[in-house]
Amino acid sequence: MRKTLAILALVAATPLIGQGMQLPGQKDATRVTAGTYKTDPGHSLIGWEVNHFGFNDYFGIFGDVAGTLTIDPANPNAATVDVTIPVGKVTTASSGLTSHLLRAGKDGGKPDFFGPAPADARFVSTKVVATGTTAKITGNLTLNGVTKEVVLDAEFTGAGANPFNKKATVGFEADTTIKRSDFGINYALPMVSDEVELDISVAFEKQ
């Protein structure tokens, strides 16, 4: 009986938990103010996905994304984005695969993937077409020494003040698909898919 009463009390109290509280970030574009923002590297990342042997998809992450966003809510199509991705910090669930991605080429030859000291990748926008809280962002992606145009499907996900450092923060998510062969990464094609899906999540803090 005592346990039953305790459960009933908890159920009754549940609606009161968090009452009046609000997440710092809200999907409210009126919270965005014009200016230049820098990434919060600890909370910005790019996930990648390839198909393995036709059996299943495999995932990995690039973290510590650095860069800037310049935006004016009154003219969103004039926004610019310039971000750098440290390829050498690639992370996967398999230590063996991570090592392979960063392994030097055999006998001084070309590495299978990125090699032991890969240059950072970089995306620089060239055009933004915004529609409400979404946008098509066209830009140049440089990866593995090759630059190709890509288009990101981006979405505004939230804005507000970071409760710890008090900085005005805006968040965006985006996705696109690239072909790794376009960037000279041809190892194990087609057993490991040429198409690589990119899932991007970035927080920008106002400077």
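The values are calculated or read from the model by the stated rules, or taken from the named source; none is laboratory data. Computed from a predicted model, the values in this text were never measured in an experiment. Note: ideal-geometry Cβ built from the backbone for every residue, glycine included; neighbour counts use all protein chains shown. Ligands, DNA and RNA are stripped out before the accessible areas are found, and what is left, the full protein with its side chains, is counted by its heavy atoms. Shrake-Rupley method; radii C 1.70, N 1.55, O 1.52, S 1.80 Å.
Overview of results
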quantity: Total charge dipole magnitude, the chain, about the Cα centre, Cβ charges on Lys, Arg, Asp, Glu only, Debye to nearest 20; calculated: 640 debye
quantity: Distance (nanometres) between label positions extended 7 Å along Cα→Cβ at Phe164 and Met191; calculated: 4.3 nm
quantity: Spread of Cα-to-Cα distances over 10 Å intervals beginning at zero, given as percent, for the range 96-203; calculated: 13, 34, 29, 18, 6, 0
quantity: Most mobile of Ala93, Ala29, Ala161 in a GNM of the chain (Cα contacts under 10 Å); calculated: Ala93
quantity: About the Cα centre, charge dipole magnitude for the range 110-163 (Lys/Arg +1, Asp/Glu -1 at Cβ), debye; calculated: 160 debye
quantity: Values of log10 I(q)/I(0), in the order q = 0.11, 0.16, 0.17 Å⁻¹, for the chain under a Debye, Cα-only, solvent-free model; calculated: -0.63, -1.04, -1.13
quantity: Residue pairs, from the table Lys27/Lys148; Lys89/Lys179; Lys27/Lys127; Lys179/Lys206; Lys27/Lys89, whose Cα atoms sit over 25 Å apart; calculated: Lys27/Lys148; Lys179/Lys206; Lys27/Lys89
quantity: Computed [θ] at 222 nm, helices only, for the chain once each DSSP H run of length n ≥ 4 contributes -39500 (n - 2.57); calculated: -2500 deg cm²/dmol
quantity: Chymotrypsin sites (Phe, Trp or Tyr not before Pro) within the range 22-119: DSSP coil, no more than 10 neighbouring Cβ in 10 Å; calculated: Phe55
quantity: Nonlocal amide H pairs with Val192, under 5 Å, H built at 1.01 Å; calculated: Phe53
quantity: Centroid-to-centroid separation of the range 130-204 and the range 97-127 [C-alpha atoms, Å]; calculated: 18 Å
quantity: Stokes-Einstein D in µm²/s, Kirkwood radius over Cα pairs - the range 21-60 at 25 °C with 0.890 mPa s viscosity; calculated: 171 µm²/s
quantity: Positive-end residue, the chain charge dipole about Cα centroid, Cβ charges, pick of Ser44, Pro24, Val151; calculated: Pro24
quantity: From phi via Karplus (6.51, -1.76, 1.60), per-residue ³J(HN,Hα) for the range 182-195 in Hz, x at Gly/Pro; calculated: 4, 10, x, 10, 10, 4, 6, 6, x, 4, 9, 4, 5, 6
quantity: Of Ala93, Gly109, Ile137, farthest towards positive along the dipole that unit charges on Lys, Arg, Asp, Glu beta carbons give the chain; calculated: Ala93
quantity: Residue-level accessible surface for Lys89, protein heavy atoms, 1.4 Å, Å²; calculated: 110 Å²
quantity: Heavy-atom SASA rank of Ser95, Ser181 (probe 1.4 Å, accessible area, largest first); calculated: Ser95, Ser181
quantity: Top of Val128, Val65, Val170 by mean-square fluctuation, Gaussian network on the chain, Cα under 10 Å; calculated: Val128
quantity: Ser99 accessible area, 1.4 Å probe, all protein chains in place, Å² to nearest 10; calculated: 70 Å²
quantity: Angle between the chain longest axis and helix 2-13 axis [Cα atoms, degrees, rounded to 10]; calculated: 80 degrees
quantity: Highest-MSF residue in the chain out of Gly132, Gly158, Gly108 [GNM, Cα springs under 10 Å]; calculated: Gly108
